[in-house]
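Chemist: This structure is in structure tokens; I'll ask about it shortly.
What follows is calculated from the coordinates using simple rules that are stated; it is not laboratory data. Since we're looking at a predicted model, the values are computed, not measured. All Cβ positions, glycine included, derive from the backbone under ideal geometry; neighbour counts span all protein chains shown.
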Amino acid sequence: MTIDCVIAINKLNGFAKDGDIPWNCKEDLKWFKDVTANSVCLMGRKTYESLYKRSKNDIDILPGRKSIVISKSLDKPPPGVVSVAESIEDGIKEGYQLIKQNPTLRKISIIGGCETIYQSLDYIDTFYLSVINDMTICDTYFDVYKVVDKFQFVTSFPLSDCATLFLFKNYFTSKIKMQKKFFDSVQLYYPLK
Ligand SMILES: NC(=O)c1ccc[n+]([C@@H]2O[C@H](COP(=O)([O-])OP(=O)(O)OC[C@H]3O[C@@H](n4cnc5c(N)ncnc54)[C@H](OP(=O)(O)O)[C@@H]3O)[C@@H](O)[C@H]2O)c1
């Protein structure tokens, strides 16, 4: 059972503008859909709001996946998600419980935004970073050094003319031990490797 992170930035490290993603790369959206299929998707409240504006789907804002929002201000799950968690750790625990109850779910994917990801780095095993061939000036930028410092670069390949995917892994065994300790409190359906 693993936790990954799936995000995109542009060539200026731009992450978001006016509460949304300012580029349109179909191949990257397809990649996002494929890599998060059968995942529990964990996201910050602002990312939820931007996705809901796009999807307007009250059942599942991300069809084929189960979504959990991290928030201290929401007191009940908003439309399209299964639950709201008060902290990253509670969100991860809830994600593991959902996976235990539903064998079609296979992993947790943390999908943004920056604020949520920066606090989750210690829990992430695999980091999928798409770099979009776009130079839009954004109002939110992603600090790639946080990833480069913590994770080991594995490979990169083009998704299309509009995006290149960079794959990073966290190999630190201390992290695995920490995860084991952390998840001792929940009965794991699949043992951690
Ligand atoms: N480029 C990409 O791949 C990508 C991916 C996802 C999102 N985005 C964009 O990024 C923007 C949002 O990102 P963001 O960094 O501003 O915000 P965010 O991480 O999506 O949401 C921040 C909110 O999440 C909640 N939160 C975060 N950490 C928490 C914690 N430890 N405990 C409890 N609640 C916590 C808080 O909600 P409350 O205030 O309710 O407590 C906080 O205000 C959107 O414009 C979105 O479109 C881009």
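Chemist: Which of Cys114, Cys162, Cys41 comes first, and how do the rest follow, when ranked by fewest Cβ neighbours within 10 Å? If you can, show how the numbers build up before the last one.
Modeler: Details: Cys114 19, Cys162 16, Cys41 25.
Ascending Cβ contact count within 10 Å gives the list Cys162, Cys114, Cys41.
Chemist: To the nearest 500 deg cm²/dmol, what mean residue ellipticity at 222 nm is calculated for the chain from DSSP H runs of n ≥ 4 alone, each contributing -39,500 (n - 2.57), summed and divided by the residues? Kindly include the intermediate steps, with their values, before the conclusion.
Modeler: Values: 6 runs with 59 residues, N = 193.
One gets -9000 deg cm²/dmol as the mean residue ellipticity at 222 nm.
Chemist: Let me ask you something else. Would you mind ranking Arg65, Arg106, Arg54 by Cβ crowding within 10 Å, fewest neighbours first? Don't jump to the answer; show the numbers that get you there.
Modeler: On the way: Arg65 18, Arg106 15, Arg54 10.
Ordered by Cβ neighbours within 10 Å, fewest first: Arg54, Arg106, Arg65.
Chemist: Same structure, new question: In what order do Ser130, Ser83, Ser39 fall by count of nearby beta-carbon atoms within 10 Å, going from fewest to most?
Modeler: Working: Ser130 22, Ser83 17, Ser39 25.
Lowest to highest Cβ neighbour count: Ser83, Ser130, Ser39.
Chemist: Please check which bits of region 16-51 a label hung off Thr155 would reach, taking the label as a point 7 Å along Cα-to-C-beta and the cut-off as backbone N under 18 Å.
Modeler: Within reach of a label on Thr155: 31-32, 34-36.
Chemist: If you take the square roots of the eigenvalues of the alpha-carbon gyration tensor of the chain and sort them as a ≥ b ≥ c, do you get rounded (a/c under 1.5), prolate (a/b over b/c) or oblate?
Modeler: In terms of gyration-tensor shape, oblate.
Chemist: Taking 8 Å as the Cα distance limit and 6 or more residues as the minimum spacing, I'd like the relative contact order of region 2-183 as a percentage.
Modeler: Working: 347 pairs, mean separation 58.6, N = 182.
After rounding, I find 32 percent.
Chemist: With r as the distance between the Cβ atoms of Leu29 and Leu167 and R0 = 22 Å, compute the FRET efficiency 1/(1 + (r/R0)^6) and round to 0.05.
Modeler: 0.75
Chemist: Okay, next question. Tell me, which cysteines of the chain are without a disulfide-compatible partner by the Cβ under 4.7 Å rule?
Modeler: Cys5, Cys41, Cys114, Cys138
Chemist: Can you say what percent of the DSSP beta bridges in region 2-183, counting only those with both residues inside, are antiparallel? Round to 5.
Modeler: Working: 17 of 40 bridges.
In region 2-183, DSSP labels about 45 percent of beta bridges as antiparallel.
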